[in-house]
Amino acid sequence: FRFVIKGSLAGAAVYVAYDQGLLGSGTQGAEALKKAQEALPPTIQEWTSYLGWELPSAPKLDFSPSDSWNKGVQTVISALSVAPTRACEFTTEGWKYVK
């Protein structure tokens, strides 16, 4: 019974992520993030006023998932492209140290 409930929740989470565009391209992810940034503050404010809590204001974030993704990919590819040269340099230095 637990497996069915957990599987249903996981399936629903994947469906919602797919439906909102989170599993698509970087552009779709950026659009989904914008929608969430617009929808969450009023919802949180409504719930905190309903519960009687007071939260500090949320910081403004200027974040682009597609730019971050591209920067990460460029960094990894750059590191992989210089890896053979670096390995050769480190091997040479290691042999010099051993001698």
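A Förster radius of 30 Å combined with the Cβ-Cβ distance from N70 to S8 puts the calculated FRET efficiency at roughly 0.25. Across the accessible surface of the chain, with the other protein chains kept in place and a 1.4 Å probe, carbon and sulfur atoms take up 65 percent.
Would you be so kind as to identify all helices of the chain, as entire DSSP H runs, whose Cα atoms reach 20 Å or more along the helix's own axis and whose mean Kyte-Doolittle hydropathy is at least 0.0?
Numbers: long enough: 2-19 (25 Å, 0.82); 26-51 (36 Å, -0.57); 65-98 (46 Å, -0.21).
Helix filter hits for the chain: 2-19.
Rounded to the nearest 500, what is the 222 nm mean residue ellipticity of the chain from helices alone, with -39500 (n - 2.57) per DSSP H run of 4+ residues and division by all residues? Provide the component values of the computation, followed by the final result.
Details: 3 runs with 78 residues, N = 99.
Rounded to the nearest 500, the figure is -28000 deg cm²/dmol.
Here region 1-54 was treated as a single set of alpha-carbon atoms; its pair distances binned every 10 Å from 0 give 22, 28, 31, 18 percent. When restricted to Cα atoms, the chain yields an Rg and a Dmax of 23.4, 73 Å, respectively.
The values are calculated or read from the model by the stated rules, or taken from the named source; none is laboratory data. Everything quoted here is computed from the prediction, not taken from an experiment. In this analysis, Cβ positions are derived from the backbone assuming ideal geometry, glycine residues included, and neighbour counts consider all displayed protein chains. Note: areas computed on protein heavy atoms with side chains; ligands, DNA, RNA excluded. Shrake-Rupley method; radii C 1.70, N 1.55, O 1.52, S 1.80 Å.
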